[in-house]
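Before any comments, here is the structure.
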Amino acid sequence: MSGDDRELLRHHGDVDAARGLADFAVNVRLDRPPRWLRARLAEALDDLGSYPSAEADETARRAVADRHGRHPDDVMVLAGAAEGFALLPALRPALAALIHPSFTEPDLALRTAGVPVERVVLDAADGYRLRAEQVPEAADLVVLGNPTNPTSVLHPAEEIRKLLRPGRIVVVDEAFIDAVPGERESVAHLADPGLLVLRSLTKMWGLPGLRAGYALGSPQVLAELGRARPHWPVNSLVLTAVRACCEPRAIAESEGAAAEFTENRTGLLDGLAGVPGVEVVGAAEAPFLLLRVPDGQRVREALRERGIAVRRGDTFPGLDTDHLRVAVRDPEQNSLLVKAFQDVVERG
Ligand SMILES: Cc1ncc(COP(=O)(O)O)c(C=O)c1O
């Protein structure tokens with residue numbers, strides 16, 4: 001991909017997943033929020049009669065701070081991690097280095113705002129491993145995902161810390177890290193003035209329609225980031241959801257889900273290992289796998305004809321049409337996927 005590829009960068013898995021197809025394209029764990037969370041949101045409907053209060057914002061930020069061992073002033077509630085990306089130009093970077101292949105929204109937001117961007121494309125032969133020395137010294141903003149969508153690679157926190165420099169902000173998109181047992185390699189708890197961590201409620205809690213997430217960073221960086229936000233930037237339901245999803249019962253459920261993902265991913269990897277021609281690229285640690293399949297576009301279309309949606313890979317910088325991303329689902333759904341790959345790849 002080169003030149004002005006913004007239309008491709010705007011492509012997301014929800015477009016691949018049409019109604020009626022078994023959805024392996026979108027990586028949201030649940031098809032709706034859990035019952036207890038829906039009950040909390042339903043109760044909060046009564047709050048919609050007033051503007052979101054400073055007190056409700058403070059309570060949500062305190063809940064996030066307690067969850068991550070931070071100060072409430074280090075927290076900003078967001079309308080999804082996507083809002084965090086959209087706000088990045090407010091940091092007025094001179095040069096942004098974006099680690100790819102990765103989620104494309106930061107690339108799009110920064111380039112649309114006219115920020116000079118340099119793509120650091122990690123090497124497939126090196127397992128898409130982060131090497132801090134590959135990032136240009138001149139970059140005063142660095143953005144990466146951990147674990148990374150779509151490679152599923154989890155970078156060591158130690159390597160991320162090597163990116164820190166005076167005058168540089170390192171943004172770590174941890175939208176999927178709650179699916180990693182123990183949130184290993186998370187830097188959310190680190191109060192370093194150069195770190196800005198973005199978290200999302202979308203994937204774990206089945207909440208893509210609510211738009212809920214938060215940023216963790218120094219109060220100075222958060223103030224700069226939010227400089228041009230409107231008054232009442234997030235609604236009362238978002239504040240309720242953020243608070244609820246930081247409570248101990250939610251953390252316990254999230255840890256259980258992370259363990260389940262790990263088990264189901266092992267099952268899916270075993271199944272796909274038996275399909276000649278399907279290669280899993282990257283050491284998978286996220287609730288999805290990046291595959292390389294010869295004649296990938298034909299395979300994707302043939303899977304679709306069999307009622308299965310997978311995410312095309314070629315809209316991610318550094319990947320091509322032979323790359324497909326698939327979500328890890330429960331064992332029954334995963335065997336459907338393996339069987340479909342067998343039919344489509346082996347039979348040609
Ligand atoms: C890696 C990654 N980060 C962030 C997001 C956006 O998250 P949110 O729904 O919180 O805006 C997505 C959504 O697909 C994603 O894949």
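The numbers here are math on the coordinates, done by the rules we state, and not lab data. These numbers come from a predicted model, not from an experiment. Counting neighbours? That spans all protein chains shown, and the Cβs are built from the backbone with ideal geometry, glycine included.
General remarks:
- Amide H partners (placed H, <5 Å) of Ile308, local residues excluded: Ala22
- Taken one residue at a time, the phi angles of the stretch 213-228 give Karplus couplings (6.51, -1.76, 1.60, θ = phi - 60°) of x, 7, 10, 10, x, 6, x, 5, 5, 5, 5, 5, 4, x, 3, 9 Hz. Gly and Pro are set to x.
- Convex hull volume per residue for the chain, taking Cα atoms only, in Å³: 130 Å³
- Point-charge dipole on Cβ atoms (K/R +1, D/E -1) for the chain, about Cα centre, debye to 20: 400 debye
- Residues in the stretch 7-21 carry Karplus couplings, in order, of 4, 5, 5, 7, 6, 10, x, 5, 6, 5, 8, 7, 4, x, 8 Hz; the curve used is 6.51 cos²θ - 1.76 cosθ + 1.60 with θ = phi - 60°, and Gly or Pro positions show x.
- Prolate/oblate/rounded label for the stretch 179-294 (Cα gyration tensor, a/c 1.5): prolate
- Sorted peptide list for 136-148, 159-171, 38-50, criterion being average Cβ within 10 angstrom, highest first: 136-148, 159-171, 38-50
- If you take the Cα centroid of the stretch 161-176 and the Cα centroid of the stretch 181-246, the two points sit 15 Å apart.
- One compactness figure for the stretch 178-242 is 1.24, namely its Cα radius of gyration divided by 2.2 N^0.38 Å.
- Rounded if a/c under 1.5, otherwise prolate or oblate - the stretch 15-139, Cα gyration tensor axes: oblate
- For the stretch 83-101 versus the stretch 292-348, the gap between their alpha-carbon centres in whole angstrom: 31 Å
- Computed from backbone phi with θ = phi - 60° and the Karplus coefficients 6.51, -1.76 and 1.60, the 3J(HN,Hα) list for the stretch 147-153 is x, 8, 8, x, 6, 6, 7 Hz; x is used for glycine and proline.
- Helix-derived mean residue ellipticity, 222 nm - over the chain, DSSP H n ≥ 4, -39500 (n - 2.57), to 500: -10000 deg cm²/dmol
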